[in-house]
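Just below is one structure, and these are the notes that go with it.
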Amino acid sequence: MPLTIRMTEAELIQGCLDNKRLAQKELYDRYSAAMYTLAYRVTNDFDLANDVLQEGFLKVFRALPNFRKESSLGAWIKTIIIRTALSKIKRNPKFEPIENHITSDWVDWGNHLDVEYLEKAIQSLPEGYRAVFVLIEVEGYSHKEVAEQLNISVGTSKSQLFYAKKRLRKVITKLLDV
C-alpha cells in the first residue's frame, strides 16, 4: 500500500486554487463526513443533508479564492454548510409558537440512554429548537452568532435553547424511567 502524505491546509488551499483534482478530492474527503453530519443535524433529513453537502461544497470551491484565512479552513467550510442548510429549510417555519409543541406523546427508544438515543432525542426537537441547540451546544457558537445566522434576536436564541434543553430533559428522564 503506497504511503500517502496529507497536504497542509495551505497546500490544500493552493492546490484547489490551482484547480488540481487531487487537492480538491482531498479537501472533500477531509471535511465531507463532518459536514454531512452537521447538515443532517440542522435539517433532520438525510436527503436534504446530501443536497446541502453538494451545494455547500460547490460554494466552497467557488468561494475559495475569497477565503481570507481569518479562521481555519474547517471553520470557514462549516459556516458555508450551516448557511446552506439554513437556506434550504427556510421555506418551513423555523420558530413555531411554543404552544404548538407542548405534547404528552413520547417516543419509546428503549431502556438505555446512549449516543444513538440522544441523537434521536435531539432530532425530535422542533426545527427552531434543534437549530439553536445544535449550533450552540454541539458546534459551540455564541447566542450572538446564532442570532445573526438565523436572523433572530439573541433573546429568541436564548429562549429556544432553554426550551430545547427543557424538552430534552423530559425526553431523557422518560427514557431513563422506562
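Candidates Phe46, Phe57: the one that is farther than 17 Å from Arg83 by Cβ and not assigned by TED's automatic domain parsing to the domain that holds Val115 is Phe46. Please verify whether segment 46-53 includes one or more residues that are touching a residue at least 24 places away in the same chain (Cβ under 8 Å), touching a helix residue (DSSP H, G or I) at 6+ places or on another chain (Cβ under 6 Å), assigned to a helix (DSSP H, G or I) and charged (D, E, K, R). No, segment 46-53 contains no residue that is touching a residue at least 24 places away in the same chain (Cβ under 8 Å), touching a helix residue (DSSP H, G or I) at 6+ places or on another chain (Cβ under 6 Å), assigned to a helix (DSSP H, G or I) and charged (D, E, K, R).
Can you tell which of Glu148, Glu116, Glu99 is of a type outside the set (A, V, I, L, M) and at pLDDT 85 or above? Only one candidate passes the filter, namely Glu148. Among the residues of segment 155-172, is any closer than 22 Å to Ile80 by Cβ and at pLDDT 90 or above? Yes, segment 155-172 contains at least one residue that is closer than 22 Å to Ile80 by Cβ and at pLDDT 90 or above.
The values are calculated or read from the model by the stated rules, or taken from the named source; none is laboratory data. Everything quoted here is computed from the prediction, not taken from an experiment. Note that we place each Cβ from the backbone using ideal geometry, even for glycine, and neighbour counts take in every protein chain shown.
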